[in-house]
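Below is one structure, written out as structure tokens; the observations come after it.
The values are calculated or read from the model by the stated rules, or taken from the named source; none is laboratory data. The structure displayed is predicted, hence computed values, not measured ones. Don't worry about glycine lacking a Cβ; one is built from the backbone with ideal geometry, like all the others, and counts go over all protein chains shown. Surface accessibility is based on the protein's heavy atoms, side chains included, excluding ligands, DNA and RNA. Shrake-Rupley method; radii C 1.70, N 1.55, O 1.52, S 1.80 Å.
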Amino acid sequence: MNFSLHFLEHDVSIAEDTWTALATTGSDISLENVRATVAAVLERGGAFTVEDSNGQVVRRIESAADFEGYMQDVAMQRQQFQQTQA
């Protein structure tokens with residue numbers, strides 16, 4: 001799976017459809033690489049955004065704690081998706 005992160009001066013963003021695919025069917029390694037990258041950006045005071053096809057922000061996360069909570073939700077979604085595919 002190919003995906004792109006967009007780095008701004010202090011922030012990182014990803015397209016919503018790409019994030020959805022990564023969060024549900026992407027490999028564990030790919031998701032962990034993105035997670036580590038986003039966590040590093042957040043630790044430096046940046047933000048993580050998920051943008052729709054028009055470039056509008058649909059989710060903005062500015063703290064490591066919020067991101068970890070979001071990633072816990074993603075983990076549950078991945079589990080549910082995998083169970084429905086089995």
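Can you give me the number of residues within the stretch 30-53 that are in a helix (DSSP H, G or I) and touching a residue at least 12 places away in the same chain (Cβ under 8 Å)? Spell out the reasoning first.
Taking the stretch 30-53 first, the residues in a helix (DSSP H, G or I) are 30-43.
Within this subset, residues satisfying the condition of being touching a residue at least 12 places away in the same chain (Cβ under 8 Å) are 30-31, 34-35, 37-39, 41-43.
The total comes to 10.
Return the residue satisfying two criteria in turn: it lies in the stretch 54-73 and is outside any helix (DSSP H, G or I) and either in contact with a helix residue (DSSP H, G or I) (Cβ under 8 Å, 6 or more places away or on another chain) or not polar (S, T, N, Q) (or both), and of such residues it is nearest to His10 (Cα to Cα).
The initial filter retains those residues of the stretch 54-73 that are outside any helix (DSSP H, G or I), namely 54-63.
Now drop any that are not either in contact with a helix residue (DSSP H, G or I) (Cβ under 8 Å, 6 or more places away or on another chain) or not polar (S, T, N, Q) (or both), which leaves 55, 57-63.
Values: Gly55: 17, Val57: 16, Val58: 18, Arg59: 16, Arg60: 13, Ile61: 13, Glu62: 11, Ser63: 13 Å.
Of everything passing the filter in the stretch 54-73, Glu62 is nearest to His10 (Cα to Cα).
Within the set of pairs 6+ apart or on separate chains, which have a first residue in the stretch 14-29 that is over 15 Å from Glu51 (Cα atoms), a second that is open to solvent by 30 Å² or more (accessible area, probe 1.4 Å), and C-beta atoms under 6 Å apart?
Qualifying pairs under 6 Å: Thr24/Phe81; Gly26/Met1.
From the list Gln56, Gln85, which one is modelled with pLDDT of 90 or more and loosely packed, with under 11 Cβ neighbours inside 10 Å? Walk me through it before giving the result.
Values: Gln85 fails: modelled with pLDDT of 90 or more.
Exactly one residue qualifies, and that residue is Gln56.
Do we find a residue being in contact with a helix residue (DSSP H, G or I) (Cβ under 8 Å, 6 or more places away or on another chain) and open to solvent by 70 Å² or more (accessible area, probe 1.4 Å) anywhere in the stretch 25-36?
Yes, there is a match, as at least one residue in the stretch 25-36 is in contact with a helix residue (DSSP H, G or I) (Cβ under 8 Å, 6 or more places away or on another chain) and open to solvent by 70 Å² or more (accessible area, probe 1.4 Å).
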